[in-house]
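Taken together, the values in this text are just the output of simple stated rules run on the coordinates, not laboratory data. Just so it is clear, the model here is predicted, and its values are computed rather than measured. Cβ placement follows ideal geometry from the backbone for every residue including glycine, while neighbour counts extend to all protein chains displayed.
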Number of protein chains: 2
Amino acid sequence: MNQEPLYLEDLHVGQRFSSAAHRIEEDRIKSFAAEFDPQPFHLDEAAAQASIFRGLEASGWHTAAVTMRLIATGGLPFAAGAVGLGGEIEWPRPTRPCDTLHVESEFVEIIPSRSKPNQAIVRVRNTTLNQNGEPVQVFTAKILAFKRP
Amino acid sequence: MNQEPLYLEDLHVGQRFSSAAHRIEEDRIKSFAAEFDPQPFHLDEAAAQASIFRGLEASGWHTAAVTMRLIATGGLPFAAGAVGLGGEIEWPRPTRPCDTLHVESEFVEIIPSRSKPNQAIVRVRNTTLNQNGEPVQVFTAKILAFKRP
């Protein structure tokens with residue numbers, strides 16, 4: 001954090017980063033779900049209690065969006081921004097109202113482009129943790145990185 | 001669409017579904033990005049034109065969230081809701097302002113639970129297409145499915 005922007009030359013496998021923290025409010029869980037994931041267990045206490053989640057939980061896509069916010073606002077200081085091509089995502093446990101999340105990131109692989117010598121794909125494992133240190137999301141992303149211009 | 005809710009007994013590999021359509025407005029692209037992915041190429045025309053995207057594009061997480069909305073509102077009529085465990089996501093091309101998206105889904109694998117005989121994990125390939133039939137996202141999800149109670 002508060003780090004110089006990183007170019008491809010600055011990256012190595014095993015490098016780690018930690019984001020700021022963000023608290024997820026119950027109202028935003030419900031309004032995000034109303035727009036993007038209108039299922040009872042994201043919208044209504046009683047329905048959520050009766051579901052397999054046994055309580056209100058954020059949409060996984062809300063957790064993913066907050067994770068992106070934390071990465072984009074200092075968690076991963078790529079010089080050209082965090083341009084993601086995709087990756088593997090999993091949600092090992094629910095995000096609950098008033099959880100405070102932060103993201104720990106580690107570079108797991110750097111794959112040079114064969115056709116574009118000034119760029120590479122960096123595989124980054126981004127683990128989103130709640131205030132108890134429990135992972136609520138693991139997103140192993142493919143992100144484009146560029147050499148210094 | 002307008003289909004009976006599906007239980008595990010009703011599912012087979014190769015089954016296909018198609019969602020309703022949703023138009024993504026430029027204002028929502030910018031406001032979503034301001035909250036969740038505040039990078040210049042999602043927020044500002046001029047910066048986006050100068051970026052590798054050559055024009056404003058939605059955050060991939062905005063595309064993902066709209067895809068979830070389309071799935072949850074009829075695209076995938078699972079009786080117990082679309083409870084996702086995770087999956088593989090990729091964004092082969094940008095979502096642009098005023099794109100109209102819909103989702104085509106196909107069951108690619110049904111994996112019975114060894115410990116819970118009333119449930120299975122269904123692998124579903126959800127392809128989000130723009131108005132030109134071009135894929136903007138492919139999300140191969142693992143979704144929980146349950147037998148009739």
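Let me spell it out: the conditions are (1) within 19 Å of A:Glu4 (Cα to Cα); (2) free of Cβ contacts under 8 Å to residues at least 60 places away in the same chain; (3) part of a helix (DSSP H, G or I), and A:Ala65 meets all of them except one. Which number is the exception?
Among (1) within 19 Å of A:Glu4 (Cα to Cα); (2) free of Cβ contacts under 8 Å to residues at least 60 places away in the same chain; (3) part of a helix (DSSP H, G or I), the lone unmet condition for A:Ala65 is (1).
Find the residue count for the stretch A:82-94, including only residues that are among the aliphatic types (A, V, I, L, M) and without any contact (Cβ under 8 Å) to a residue 60 or more places away in the chain. Talk me through it step by step, then tell me what you get.
Going through the stretch A:82-94, the residues among the aliphatic types (A, V, I, L, M) turn out to be A:82-83, A:85, A:89.
Filter once more, so that each one left must be without any contact (Cβ under 8 Å) to a residue 60 or more places away in the chain: A:85, A:89.
Count: 2.
Can you name the condition, by its number, that B:Pro97 falls short on among (1) within 11 Å of another protein chain (Cβ to nearest Cβ); (2) touching a residue at least 40 places away in the same chain (Cβ under 8 Å)?
(1) is the only condition that B:Pro97 fails.
Any chance you could count how many residues in the stretch B:79-118 are touching a Pro at 6+ places or on another chain (Cβ under 8 Å) and more than 17 Å from A:Phe36 (Cα to Cα)? Give the derivation first.
Of the stretch B:79-118, the ones touching a Pro at 6+ places or on another chain (Cβ under 8 Å) are B:79, B:81, B:92-93.
From the residues that got through so far, the ones that are more than 17 Å from A:Phe36 (Cα to Cα) too are B:79, B:92-93.
So the count comes out to 3.
Out of B:Ala79, B:Ala50, B:Ala58, I need the residue that is more than 18 Å from B:Gln15 (Cα to Cα) and touching a residue at least 12 places away in the same chain (Cβ under 8 Å). Which one? Spell out the reasoning first.
Working: B:Ala79 fails: more than 18 Å from B:Gln15 (Cα to Cα); B:Ala50 fails: touching a residue at least 12 places away in the same chain (Cβ under 8 Å).
None of the others qualify; the one that does is B:Ala58.
If you go through the stretch A:13-30, how many residues are at negative phi, in contact with a strand residue (DSSP E or B) (Cβ under 7 Å, 6 or more places away or on another chain) and in a loop (DSSP other than H, G, I, E, B)?
Of the residues in the stretch A:13-30, the ones at negative phi are A:13, A:15-30.
Narrowing further to those that are in contact with a strand residue (DSSP E or B) (Cβ under 7 Å, 6 or more places away or on another chain): A:13, A:15-24.
Next, from what is left, pick out any that are in a loop (DSSP other than H, G, I, E, B): A:13, A:15, A:24.
Total satisfying the criteria: 3.
Keeping to the stretch A:67-82, report how many residues are surrounded by 19 or more Cβ atoms within 10 Å (Cβ to Cβ) and on the phi < 0 side of the Ramachandran plot. Quick ask: steps written out before the conclusion?
Filtering the stretch A:67-82 down to residues surrounded by 19 or more Cβ atoms within 10 Å (Cβ to Cβ) leaves A:67-72, A:75-76, A:78, A:80-82.
Still in the list and also on the phi < 0 side of the Ramachandran plot: A:67-72, A:75-76, A:78, A:80, A:82.
Number satisfying all stated conditions: 11.
All but one of (1) touching a residue at least 24 places away in the same chain (Cβ under 8 Å); (2) more than 19 Å from A:Ile89 (Cα to Cα); (3) hydrophobic (A, V, I, L, M, F, W, C) hold for B:Ile71; which doesn't?
Exception for B:Ile71: condition (2).
Out of the stretch A:73-103, which residues are part of a strand (DSSP E or B) and under 30 Å from B:Leu144 (Cα atoms)? Show your work before the answer.
Of the stretch A:73-103, the ones part of a strand (DSSP E or B) are A:78, A:83-90, A:100-103.
Passing the criteria: A:Gly84, A:Leu85, A:Gly86, A:Gly87, A:Glu88, A:Ile89, A:Glu90, A:Thr100, A:Leu101, A:His102, A:Val103.
How about the stretch B:100-149: which of its residues are surrounded by 15 or more Cβ atoms within 10 Å (Cβ to Cβ), polar (S, T, N, Q) and in contact (Cβ under 8 Å) with a residue 60 or more places away in the chain?
B:Ser105, B:Gln119, B:Thr128, B:Gln137
Please indicate, with yes or no, whether at least one residue in the stretch A:104-120 is within 14 Å of chain B (Cβ to nearest Cβ), assigned to a strand (DSSP E or B) and closer than 16 Å to A:Ile71 by Cβ.
No, the stretch A:104-120 has no match at all.
Please specify each residue of the stretch A:1-44 satisfying the condition of being in contact with a Pro (Cβ under 6 Å, 6 or more places away or on another chain) and of a type outside the set (A, V, I, L, M, F, W, C).
A:Gln3, A:Pro5, A:Glu26
Take the residues of the stretch B:31-58 that are buried (at least 19 other Cβ atoms within 10 Å of the Cβ), aliphatic (A, V, I, L, M) and outside any loop (DSSP other than H, G, I, E, B): which is farthest from the other protein chains (Cβ to nearest Cβ)? Step through it out loud before you land on a result.
Here is the first cut: in the stretch B:31-58, the residues buried (at least 19 other Cβ atoms within 10 Å of the Cβ) are B:32-33, B:36-37, B:39, B:41-42, B:48, B:51, B:56-58.
Applying the additional criterion that residues be aliphatic (A, V, I, L, M) yields B:33, B:48, B:56, B:58.
Right, trim to outside any loop (DSSP other than H, G, I, E, B) and you get B:33, B:48.
On the way: B:Ala33: 9, B:Ala48: 11 Å.
My answer is B:Ala48.
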